[in-house]
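Notes for the one structure printed next.
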Amino acid sequence: MRLFFLVMAGIVPVLATQVYNQTMLRQERRIEAQRSVQMEAKLVASELEQIAAGMHKFLLAIANSAQVRPDATGCNAYLATLNAQFPGSLSIGVSDARGTVYCYAKPLPLQALNNADRSHFKRALESGKFAVGELMVGKETGKSALGFAYPLPRDQLDHPQGVVFASLSVDWLAGHLARNPLSPGHTLTVVDRTGTILIRSPEQTQTGTHVPPQWQRIFDGVQPVVLMGRDPINQTDGFFGFMPNASSAEGIGVMVGIDTAEAMGPANRALTRALTVAVFGILAAFGIAWLIARGAIERPLQSLLDAARRWSSGDYTARSRLRRSPVEIARLATAFDAMATSLQLREADRASNEQALRRSRDAALLANRSKTQFLAAASHDLRQPLHALSMAVAVMQARHHADADTPHVERIGRSVHSLSNLLNTLLDVSQLDAGLIQAVMANVSLAALFDEVDEEFRGFAVQKNLRMQVTPTTLNVQSDGQLLGRMVKNLVSNAIKYTPAGGSVQVHAHDDGQRIVIVVADTGIGIAAGKQDVVFTDFIQLDNPERDRNKGLGLGLAIVRRMSELLAHPVTLQSIPGTGSIFTISMPYPAGVTGSPVAAGTDAHYTGRILLVEDNPLVAEVTTVLLRQWGARVTGVASGEAAMALMQDPATQFDAVISDHRLPNMTGTDVIKAALARWPAIRAIVISGDAMAGMRLEVEALGAVLLQKPVQPEALARALQA
């Protein structure tokens, strides 16, 4: 019997450790599943809160508009214009205090429409606040929708005048949430305040039915709930995360669930295997004990136990070394040694593979750094000859303005322009972290977008005593209008939040010769260089340690980043703490437009005196020829030192200075600083093939213009004539 316990002492701890580990892994998986459904529910609830907040602002703006008063004219046209921005997803109207609709976005007979029976109408009229309704069927569309309402201002006798209402298509809402799909195996249920199901994905088969009473009680609560139980709808066990009506968007509840078999399947199977191994291990131990009990083998058995203990403690070199023992013990010792050798080889392989993975990871990181350095160098080295080629083509266009070679020169110009666009596209795409993403693109007018931004945020800026300037523009871009508007509004909202009273917020757009750029600049608190990447992370707010919800959830810039990736519209941030921040969004031209409409080298005219600082002889030569062709008087030097020497001559006068940024021994900004110190009114232009994050901020702080190679001649002409 003592021999039996000795054998068991060597085997059972190993098997018990394996079973314990698998049990703990199963418990961890249970906790992970609960955390997963809770987080998914919070994310969906946050998205619904943003939609409700957007509807609140939208209806508030309409309610305060004089065009929707009962005696106003053009109300239908005004609402039709607003409704056109949401085709197929939104219906807007205005009704009086009795529910009679007197203004509607669609051409329907108003006498037949009355929404006095709608819950959102009643709640808005009774509370005098924004209200979210319940699932309803549109009287004119026959489709499921969710209603929203906001009361009109009261009359002089403090009587309610009516309600502005809107119905949002449930199908659109489901599609919008599907853009950010749940994790595999998860289900989503969205209900209104009565427990009626609005969305049930992924099957979407229970819309319009009521949730079971036990779920309704949870949705009526005030705190998020995570529980494990049975889904009364699908009749399956699972984990469920609830965001009740009071803790998510007003009047809307969210539940995310995952089937127990889906969540716990791998852990249960691993535990079953561990138990099976344990059972067979114990049976094997009984057999070994029976074999050992056949002879007097205390010393060999002790040797085996010592080796087993050493092996269990991590000494994989431990062996029994029992070659002269009885046959049975010798076999057991040989099997033990073979198992130990096999496991030692596996451990060695694992360590070797782990080391190889580390080397591969280090090599990949090194390759990535090398790729980044190569792209930075290639960006400059490839732009330099292409810049010279663009200047040379402009000279040829001027010399062959109307002769037999004109068509050929124009074709060369178009090819060079296409090559320039292709180069910039390849260099940009090489730096993206995500793959190709499809987007619904169209020609978008920035004029309408800027008007909308000005109308929506000017009131908030005035309330905070900020100067807000939205510069009118006639530019068009190729983009998704709705997503682009969201990006700009998020940036403007962020600028207003973090700019103290007395500061300013500016929004403008310009054509840099290659793309259209929207700039949102503020004089706010600024962002430290070490934290500028962090602000684009979810739920990050650098100046809100108390988590004041009046400042949002910290998702504004994270949404901008996602939409930037979705639309392929790069977003940049330049900021100095205590001075302010500049965000830019870069977008392509509308379809069919490949560059600036001004013809290069034909209409440009500049007769001033220009100092050209360029160390590349080819670029200097063609640029000089082009500038003189425009009528300018050009003095060229090949280094910053030579330019400084010219500036020391009191008799020297220049109207403009054009300098390459990358010069021997100094930079173009050093030359510009010296020129501005000598001639404060001089027109200063820096030309660069590099893509340095702080360069534009540095150049613009000097009052100079930064042009990126390859520079289109018309962009250079505009910079000189501005």
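We did not get these values from a lab; they are worked out from the coordinates using the rules stated. Because the structure is a prediction, the values reported are computed rather than measured. Using ideal geometry, Cβ is built from the backbone for each residue, glycine included, and neighbour counts are taken over all protein chains shown.
7 Å from Cα along Cα→Cβ at both residue 84 and residue 346: what's the point-to-point distance in nm?
Label at residue 84, label at residue 346, 7.1 nm between them.
For the residues 91, 352, what sequence is obtained by ranking on other C-beta atoms within 10 Å, fewest first? Please report the intermediate quantities before stating the final value.
Values: 91 24, 352 10.
Lowest to highest Cβ neighbour count: 352, 91.
Length gain on complete extension for the stretch residue 670 to residue 77, per 0.36 nm per residue less the alpha carbon to alpha carbon distance?
Details: separation 593, 0.36 × 593 = 213.48 nm, distance 5.73 nm.
My answer for the length gained is 207.7 nm.
To the nearest 0.05, how large is the calculated FRET efficiency for residue 53 and residue 216 if R₀ is 30 Å and r is the Cβ-Cβ distance?
0.70
Expressed in nm to one decimal, what extension gain is obtained for the pair residue 61 and residue 528 from 0.36 nm per residue of sequence separation less their Cα-Cα distance?
On the way: separation 467, 0.36 × 467 = 168.12 nm, distance 3.57 nm.
Going from the current span to full extension adds 164.5 nm.
Would you mind computing, in nm to one decimal, how far apart the modelled labels at residue 681 and residue 615 are, each placed 7 Å from Cα along Cα→Cβ?
Rounded to a tenth, the inter-label distance reads 3.4 nm.
Just order 250-259, 701-710 by mean Cβ neighbour count inside 10 Å, highest at the front, would you?
Values: 250-259: 24.6, 701-710: 19.8.
With the highest mean Cβ count within 10 Å placed first, the list reads 250-259, 701-710.
Please report 678, 359 as a ranked list, fewest other C-beta atoms within 10 angstrom at the top and most at the bottom.
359, 678
Pull up the DSSP beta bridges for segment 609-721 and report the antiparallel fraction as a percent, rounded to 5.
Of the beta bridges lying entirely in segment 609-721, close to 10 percent run antiparallel.
Would you list 673, 531 from fewest to most Cβ contacts within 10 Å?
Listed from fewest to most nearby Cβ atoms, that is 531, 673.
Once you have the alpha carbon radius of gyration of segment 133-267, what is it after dividing by 2.2 N^0.38 Å, with N set to its residue count? Please report the intermediate quantities before stating the final value.
Values: Rg = 17.5 Å, N = 135, 2.2 N^0.38 = 14.2 Å.
Against the empirical 2.2 N^0.38 Å value, I get 1.23 for segment 133-267.
Jot down the per residue volume, in cubic angstrom and as a whole number, of the convex hull over the alpha-carbon atoms of segment 27-112. Don't skip to the answer; put the middle values down first.
On the way: hull volume 12.0 nm³, N = 86.
Output value, Cα hull per residue: 140 Å³.
Beyond a 28 Å Cα-Cα separation, which of these cross-linked pairs lie in this structure: 489/709; 57/122; 57/143; 129/531; 42/106?
Listed pairs above 28 Å: 489/709; 129/531; 42/106.
At a Förster radius of 51 Å, what calculated FRET efficiency corresponds to the Cβ-Cβ distance of residue 156 and residue 106, to the nearest 0.05?
Plugging the Cβ-Cβ distance into 1/(1 + (r/R0)^6) gives 0.95.
Want the number for residue 501 to residue 579: 0.36 nm per residue separation, take away the alpha-carbon distance, what's left?
Length difference between fully extended and current span is 26.7 nm.
Taking just the C-alpha trace of segment 651-718, give me its Rg and Dmax in Å.
11.7, 38
Which FRET efficiency, nearest 0.05, do residue 335 and residue 537 yield, Cβ-Cβ r, R0 51 Å?
It comes out at approximately 0.40.
Identify the residues of segment 201-237 with backbone N under 19 Å of a label point that sits 7 angstrom from the Cα of residue 268 along the Cα-to-Cβ direction, or state none.
It comes to 227-237, nothing else.
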